[in-house]
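> Following this message is one structure expressed as structure tokens.
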Amino acid sequence: MEVLNSIPVKLDLEAVIKQMNIRNKSETIVKSIQELIEIARPVANPKAIYEVSYIENRNEDSLHIGSVKFTSRVLRVNLDRVERVFPYVVTCGRELDEIGFPSDEFIKSYFLDQIKETVLVSARNYLEDYLKGNYALGQLSRMAPGSGSVHDWPIAQQEGLFSIFGGRAKVENLIGVKLTDRLMMIPVKSVSGIFFPTEIRFEACQLCPRKGCIGRRAPYDPDLVRKYKKAVL
């Protein structure tokens, strides 16, 4: 297990605007975002924790990662020919969460939320590059319990993922991410999941038919959905 608590932060206006997908960049909006960036940049301290784990006990719709059992047909199929995976938790950091505004300042709160998201995405990308460089890996894909796109890996298995790192209290102590009784993470701008090597990049969005999703990273692929339904050991 390794903790990354000195992740470099590249937080600039261009990155935040790209994250927000703003089309009408008025002078007022740009100025407001820039002011918030100047507040956030000095305190931003994203963190990550990961583990090197191995696959055991593959069944039709379940497998063990380390000693922890996960039930997900999609996960099992994706890891059919994989032996080593990298469970992780990444967060924008509590420091950004402690920046607050009066409840009636909705726009500033929204902009700050997007700044946190930008820091989080940057930190996750840093972890991915770190794994590739340190473990001589090529392309990586990732999956996360509770992902809206992968309905067969429920959020309830978040508990198992955290247990790989020693449990809730251990993760909170190491990187400041608290897992609530409803299995949500605080800070909210935190993500968990499993990185795994793959020849063909997998995106959970490929299994989701929902239209008009602003967070979509890949088009819906009905052929891929049928592949997972038919796959057998």
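No lab work stands behind these numbers, since they all come straight from the coordinates. Since the structure is predicted, the reported quantities are computational estimates derived from the model, not experimental observations. Glycine also receives a Cβ, built like all others from the backbone with ideal geometry; neighbour counts cover every protein chain displayed.
> For residue 25, give me every one of the aspartates and glutamates with a C-alpha distance below 20 angstrom, ignoring sequence neighbours fewer than eight places off in its own chain.
12, 14, 35, 38, 105, 113, 117
> Which of the pairs 18/189; 10/189; 18/69; 116/170; 69/178; 69/170 have their Cα atoms more than 28 Å apart in this structure?
In this structure, 18/69 exceed 28 Å between Cα atoms.
> May I pose another question? Throw me the Rg/Rh for the stretch 2-204, computed over C-alpha atoms with Kirkwood Rh, two decimals.
Details: Rg = 18.0 Å, Rh = 18.0 Å.
Across the stretch 2-204, the Cα-based Rg/Rh ratio is 1.00.
> Averaged over every viewing direction, what's the projected area of the C-alpha convex hull for the stretch 31-111? Give it in nm², one decimal, please.
Values: hull surface 32.6 nm².
Result: 8.2 nm².
> Would you kindly derive the ³J(HN,Hα) couplings of the stretch 51-62 from the backbone phi angles with the Karplus curve 6.51 cos²θ - 1.76 cosθ + 1.60 (θ = phi - 60°), listing them in order in whole Hz, with x for Gly and Pro?
Calculated HN-Hα couplings, in order: 9, 8, 10, 10, 8, 9, 6, 5, 10, 4, 9, 8 Hz.
> Could you calculate, for the stretch 84-202, the ratio of the Cα radius of gyration to the Kirkwood radius, expressed as Rg to Rh? If you can, show how the numbers build up before the last one.
On the way: Rg = 15.5 Å, Rh = 15.5 Å.
For the stretch 84-202, the value is 1.00.
> Work out the length of the dipole vector of the stretch 48-162 about its Cα centre, built from +1 on the beta-carbon of each Lys and Arg and -1 on the beta-carbon of each Asp and Glu, and round it to the nearest 20 debye. Mind dumping the intermediate values first?
Details: 12 positive and 17 negative charges, 91 e Å.
Charge dipole of the stretch 48-162: 440 debye, to the nearest 20.
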